[in-house]
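The values are calculated or read from the model by the stated rules, or taken from the named source; none is laboratory data. Values in this document were obtained by computation on a predicted structure and should not be read as measured data. As a convention, Cβ positions derive from the backbone with ideal geometry for all residues, glycine included, and neighbour counts pool all protein chains shown.
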């Protein structure tokens, strides 16, 4: 019997591989899919919010965002009332890519949870959310 830690780690890595296999041919590097997902879900936000939500170091987010900006997926701008922070939003190209990724994520989730009933999927979602709340709380 595997430990919870081992099963958790293997499940995460399988999900990551499934998503990466679909994201790489789209020209997306690691980290970009979850940033696109965040911006599509929550709209324009500060770079530090993106780092927090995606569990990525702020400096790493900065370099990922630069590549995304160069690819035309996002724009970064200051707001008149807050010149210290950069606000990030999707471009039309980024919105299109985020829509494609919704399908990629859904397909990966379907493969990982194949064989689970809808009730089991709902329970899994509830339990994972509760685990995150125990450690850090939820974003938004």
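Of the residues examined, residue 36 is not one that is in contact with a helix residue (DSSP H, G or I) (Cβ under 6 Å, 6 or more places away or on another chain), at pLDDT below 95 and either outside any helix (DSSP H, G or I) or surrounded by 13 or more Cβ atoms within 10 Å (Cβ to Cβ) (or both). Here residue 88 clears all of (1) in a helix (DSSP H, G or I); (2) in contact (Cβ under 8 Å) with a residue 40 or more places away in the chain; (3) surrounded by 15 or more Cβ atoms within 10 Å (Cβ to Cβ) except the condition numbered (1). Can you say whether residue 25 is in a helix (DSSP H, G or I), closer than 15 Å to residue 108 by Cβ and over 12 Å from the mean Cα position of the chain (by Cα), as far as the supplied structure shows? Yes. Within 17 Å of residue 8 (Cβ to Cβ) and outside any helix (DSSP H, G or I): is that true of residue 128 in this structure? The answer is no for residue 128.
Just to be sure before I move on: is residue 101 more than 27 Å from residue 11 (Cβ to Cβ), in contact with a helix residue (DSSP H, G or I) (Cβ under 7 Å, 6 or more places away or on another chain), in contact (Cβ under 8 Å) with a residue 24 or more places away in the chain and buried (at least 18 other Cβ atoms within 10 Å of the Cβ) in the structure I sent? No; evaluated as a whole, the condition is false for this residue. Of all residue pairs spaced 6 or more apart or on separate chains, none has beta-carbon atoms under 9 Å together with a first member in segment 49-70 that is in contact (Cβ under 8 Å) with a residue 12 or more places away in the chain and on the phi > 0 side of the Ramachandran plot and a second member that is surrounded by fewer than 12 Cβ atoms within 10 Å (Cβ to Cβ) and in a helix (DSSP H, G or I).
Has segment 125-140 got any residue that is surrounded by 13 or more Cβ atoms within 10 Å (Cβ to Cβ) and either modelled with pLDDT of 95 or more or at positive phi (or both)? Looking through segment 125-140, none of the residues is surrounded by 13 or more Cβ atoms within 10 Å (Cβ to Cβ) and either modelled with pLDDT of 95 or more or at positive phi (or both).
Quick check: is even one residue across segment 6-15 under 22 Å from residue 92 (Cβ atoms), surrounded by fewer than 16 Cβ atoms within 10 Å (Cβ to Cβ), under 14 Å from the mean Cα position of the chain (by Cα) and at pLDDT below 95? No. Would you be able to say whether some residue in segment 70-80 is closer than 18 Å to residue 35 by Cβ and within 14 Å of the chain's Cα centre (by Cα)? No, the conditions are met nowhere in segment 70-80. Residues in segment 63-83 that are closer than 29 Å to residue 135 by Cβ and surrounded by 16 or more Cβ atoms within 10 Å (Cβ to Cβ): 64, 65, 68, 74.
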